[in-house]
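Below is one structure, written out as structure tokens, with a few remarks after it.
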Amino acid sequence: MAVPALNLSIEKGTTFSTSLKLKLDGAVTNLTGYTFSAKMRKHYTASTYYEFTVTANSPLSSGIVNLQMSSGITTSIPIGRYVYDLLATNSGVVRKVIEGSVIVKGTVS
């Protein structure tokens, strides 16, 4: 099954937050029992990464997760293009559920 792609944009030095509705196997997923991790890197084999905080919304049956990154982290990210993915783990099975690119843009203020 193909992994859905979603491209993101982060303004350097600001708090980033977005909500995503997960549909695994074509249906909205009840997130009970799931844990998540999401990272972005300059390229897939880069050793330096920036981690998103991932939380599931209540009710868990809504299938909605939030990806967040604090302004303290986004301040440290060089401007440019990156790749990211979101992994979901349930009962020891790890799946990539979303992937895409991230553009980190500069801010003036």
Would the stretch 82-89 turn up any residue that is in a loop (DSSP other than H, G, I, E, B), at pLDDT 95 or above and more than 23 Å from N30 (Cα to Cα)?
-> no
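Which of the residues that make up the stretch 45-63 are among the aliphatic types (A, V, I, L, M) and modelled with pLDDT under 95?
Across the stretch 45-63, the qualifying residues are A56, L60.
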What number goes with the only condition from (1) in a strand (DSSP E or B); (2) surrounded by fewer than 18 Cβ atoms within 10 Å (Cβ to Cβ); (3) out of contact with any Lys or Arg (no Cβ under 8 Å at 6 or more places or on another chain) that L67 does not pass?
-> (2)
Filter the stretch 1-33 down to residues that are hydroxyl-bearing (S, T, Y) and either touching a Gly at 6+ places or on another chain (Cβ under 9 Å) or under 20 Å from I64 (Cα atoms) (or both) and give me whichever is modelled with the lowest pLDDT.
-> T29
Within the stretch 34-44, is there a residue that is modelled with pLDDT under 90, loosely packed, with under 14 Cβ neighbours inside 10 Å and not in a strand (DSSP E or B)?
-> no
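Those residues that are outside any loop (DSSP other than H, G, I, E, B) and without any contact (Cβ under 8 Å) to a residue 12 or more places away in the chain, I need them from the stretch 5-33; list them, please.
A27
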Between a first residue in the stretch 49-76 that is among the small types (G, A, S) and a second residue that is at pLDDT below 95 and in a strand (DSSP E or B), which pairs have beta carbons less than 6 Å apart while being 6 or more apart in sequence or on different chains?
-> G63/K21; G63/V28
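The values are calculated or read from the model by the stated rules, or taken from the named source; none is laboratory data. Note that the structure is a prediction, hence the values are computed from the model and not measured. Quick reminder, even Gly has a Cβ in these numbers, built from the backbone with ideal geometry, and neighbours come from all protein chains shown.
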